[in-house]
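The values are calculated or read from the model by the stated rules, or taken from the named source; none is laboratory data. Values in this document were obtained by computation on a predicted structure and should not be read as measured data. Note: ideal-geometry Cβ built from the backbone for every residue, glycine included; neighbour counts use all protein chains shown. The accessibility values were calculated without ligands, DNA or RNA, using every heavy atom of the protein model including side chains. Shrake-Rupley method; radii C 1.70, N 1.55, O 1.52, S 1.80 Å.
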Amino acid sequence: MSQTNPTTGTATITKVQRPPLHKVILVNDDYTPREFVVMVLKAEFRMNESQASRVMMTAHERGVCVVAVFPRDVAETKATRATDMARERGFPLLFTTEPEE
Ligand code: TYC
């Protein structure tokens with residue numbers, strides 16, 4: 001965006017700053033049932049069955065998987081809600097967040 005001050009003739013350039021994005025990361029563990037992980041991904045991250053299964057299997061095989069990226073407050077809220085869902089059922093499932101490079 002560019003505007004010129006009519007008095008001084010000075011051009012001002014306004015840059016729109018987007019909020020930095022944060023990744024939500026799914027962490028593997030040995031105890032949470034696969035179907036439960038898929039259910040949480042569908043419920044909190046609006047994934048369909050095949051998307052959720054793919055993300056779950058990637059974390060299962062590699063240790064972690066990026067679920068999605070959001071503005072920081074959204075990422076933290078979703079990670080907390082998803083982790084709390086597992087705690088309520090007694091599972092150690094963990095979602096973390098980290099800033100996107
Ligand atoms: N590893 C778990 C099992 O074999 C399933 C699982 C997958 C758990 C992904 C957490 O982030 C996870 N039951």
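Ordering of 34-43, 7-16, 83-92 by packing is 34-43, 83-92, 7-16, highest average first (other Cβ atoms within 10 Å, averaged per residue). Under 5 Å between amide hydrogens, built in the peptide plane, is the criterion, and for Leu94 it picks out Val27 among residues at least 5 positions away or on other chains.
Within straight-line reach of Lys78, meaning a Cα separation under 20 Å, sit the following lysines at least 8 residues removed in sequence or on another chain: Lys23, Lys42.
Ligands, DNA and RNA left out, the 1.4 Å accessible surface of the chain is 51% carbon and sulfur atoms.
Scanning residues 5 or more positions from His22 or on other chains, those with amide H under 5 Å from its amide H are Phe70, Arg72, Glu100, with H placed 1.01 Å from N in the peptide plane. I'd like the distance between the alpha-carbon centres of segment 55-75 and segment 80-97, rounded to an integer number of Å. The two parts, judged by their Cα centres, are 13 Å apart.
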